[in-house]
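Take a look at the structure below.
Quick note: the coordinates plus some simple rules give every number you see, no bench work behind them. Please read these numbers as outputs of a predicted model, since none were measured by experiment. FYI the Cβ positions are ideal-geometry reconstructions off the backbone, even for glycines, and counts take in every protein chain you see.
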Amino acid sequence: MRALLINVGHGHLSSDNHPRHNVAPMDLAQCAAILERAGWRVELWDTVLEHDEEGPVIERRVQAKQPDLLILRPLAHTAHTTQMLGRASREHCGLRLAMGPSAPHLANDLLTPLNDSTAVDGVLIGEPESTLLELLPDLAKRALPDELPGLQLAPSMVPKGRPFIRDLDALPMPSQHLLVGRGYQFRYPLDVHGSLNIGYVLSSRGCALGCIFCAPAERETFGTQYRWRSPDLIVDELERIRELGGNAVYFIDDFFAFSPKRVAALCERLIERDVIIPWAAQVRAHGLSDELLELMRRAGCSTLCFGAESGSDRVLGLLRKGVSVEKVRDQAARIRAAGIQLVGYFIVGTPGETKEERQDTYDFIEEIAPDVVQLHIFNVFPGAPAMDAFPELYAEEGTKFTGPRGRVTQLEELDKERRAFYLRYYTSPRYVARTLKRRWRPLISNLPDELSFAFRSARFFAGIR
């Protein structure tokens, strides 16, 4: 039996040209491992990596493969592409399923017939692994059951839910051989002396934070209860990535350091087993002690990313961050003192934010001096808590970087202001000198990619679409 899994990454709005890296679809890799363990031959395509191929080209490739099972992972902005791909593949594959954080929000459209054809035969709701495991006997027969928890089969159908997977160790290791070496780009600094070959790892699931702007899709998929894999299994996965030629890892957990005790145990096992490769992770903007940061550094931690969001305590309160400017300042200093590079996420344009408070944010960025700064314009995602607080700002066409429609003049001003800050920050002698001192070897080792990224960033700073 043959399965084809596709991450449908086409569809960014033409105006959404903020420089970015891409992240491997770990949920697809996890499902691939389940299928492979059951004897299926699995291919995984990521249209993000094949962005030069238009939709019809991908459709013809699917038709040529004629898989017994096609699993599509749509993103919110790729709904149309997913529908076209699913319908075009109807006569050329056995069953078509959709899954992923955005799939439940697109399920009705994907399952609504158009000219007697739906885009998919079913949608996996929530964590897909348990449902996929139970579906294996039916999939082997190219059939779907009439009813199954976690499986939506019709637009108006609300399937019975499944409990979140408590024992993540029971799942097989994700099929890293389908991801490592595929060309995923990672744009945060890592202490890699050689051409970067990044691997991605999901070591935990769940996030209980209540940030007002957060898109709920991931939270709906993984829940708010924090669950993690055992340290040895995570180290096994890093070893596997290294065997496949990977030389760095990005932990894509929503909140990697929720449990400092868990992080310490993982770092100790990495050191004991001598699996030391550079890695990065997302943490909260406070709560990491000097002792833990030093241990993380010895275990390979190269870069930490956190959402500082604002230089104003009042705005942080509006965003429900549960952190103060002083705590962010302290955590940034501790991270730097440990020799770990810092990526800072910030938001401008929060409703009610004054021009003076926005300037406080720019000044605060200059003060804590992250190695990478990402400035986002406030936006409202479908289902986010901010929808209730600011319903007039919601528009489905909005994206993470361009913001919703309806505030065109303000958004244009914010975007112009943001680009000017980027240009000033990244070309300052202080920043250039610090970056070259720390990163001259990785920059030289990855010169073609770095120059390409610098060129795209320069176009963005200059406002060139």
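If you average the sequence gap of Cα pairs under 8 Å that are 6 or more apart and divide by the length of the stretch 186-308, what percent do you get for the contact order?
Answer for the stretch 186-308 is 29 percent.
For the stretch 295-396, what ratio Rg/Rh do Cα atoms give with a Kirkwood hydrodynamic radius?
1.03
By how many degrees, 0 to 90 and rounded to 10, does the Cα axis of helix 429-445 deviate from the longest principal axis of the chain?
Value to nearest ten degrees: 40.
Separation of the stretch 277-355 and the stretch 133-173 by C-alpha centroid, Å?
Taking the Cα centre of each part, the stretch 277-355 and the stretch 133-173 sit 38 Å apart.
Say the dipole of the stretch 163-277 comes from +1 at the beta carbon of Lys and Arg and -1 at that of Asp and Glu; which of Gly194, Phe164, Cys211 then lies farthest toward its positive end?
Cys211
With 20 Å bins from zero, work out the P(r) of the chain over every alpha carbon pair and list the percent per bin.
Percent of pairs per bin, in order: 23, 58, 19, 0.
Report the one residue of Ala64, Ser428, Ala143 whose Cα lies farthest in the direction of the positive end of the charge dipole of the chain (charges on C-beta: Lys and Arg +1, Asp and Glu -1; origin at the Cα centre).
Ser428
Run the simple label-point estimate for Arg459 and Ile444 please: 7 Å along Cα→C-beta, distance reported in nm.
2.9 nm
With +1 assigned to the C-beta of every Lys and Arg and -1 to the C-beta of every Asp and Glu, and no other charges, what is the dipole magnitude of the chain about the Cα centre in debye, to the nearest 20?
840 debye
Counting only pairs 8 or more residues apart or on different chains, how many lysine pairs in the stretch 186-461 have their Cα atoms under 28 Å apart?
Qualifying lysine pairs in the stretch 186-461: 11.
Using Cα atoms only, what is the angle between the long axis of helix 447-461 and the major principal axis of the chain, expressed in degrees (0 to 90) to the nearest 10?
80 degrees
On full extension of the chain, what length is gained from Glu36 through Asp146, given 0.36 nm per residue of separation minus the C-alpha to C-alpha distance?
37.1 nm
Using only the Cα atoms, what convex hull volume per residue in Å³ does the stretch 186-461 have?
Spelled out: Cα convex hull of the stretch 186-461, divided by residues, is 132 Å³.
Taking 7 Å along the Cα-to-C-beta vector as the label spot, tell me the Leu423-Met26 distance in nanometres, rounded to one decimal.
3.8 nm
Report the FRET efficiency, 1/(1 + (r/R0)^6), for Lys355 and Ser230, where r is their Cβ-Cβ distance and R0 is 56 Å, rounded to 0.05.
0.65
Count the DSSP beta bridges whose two residues both fall in the stretch 186-461, then state the antiparallel fraction as a percent rounded to the nearest 5.
10 percent
If each DSSP helix of 4+ residues adds -39,500 (n - 2.57) and the sum is divided by the residues in the chain, what number results at 222 nm, nearest 500 deg cm²/dmol?
-12000 deg cm²/dmol
When only C-alpha pairs under 8 Å and at least 6 residues apart count, what is the relative contact order of the chain, in percent?
13 percent
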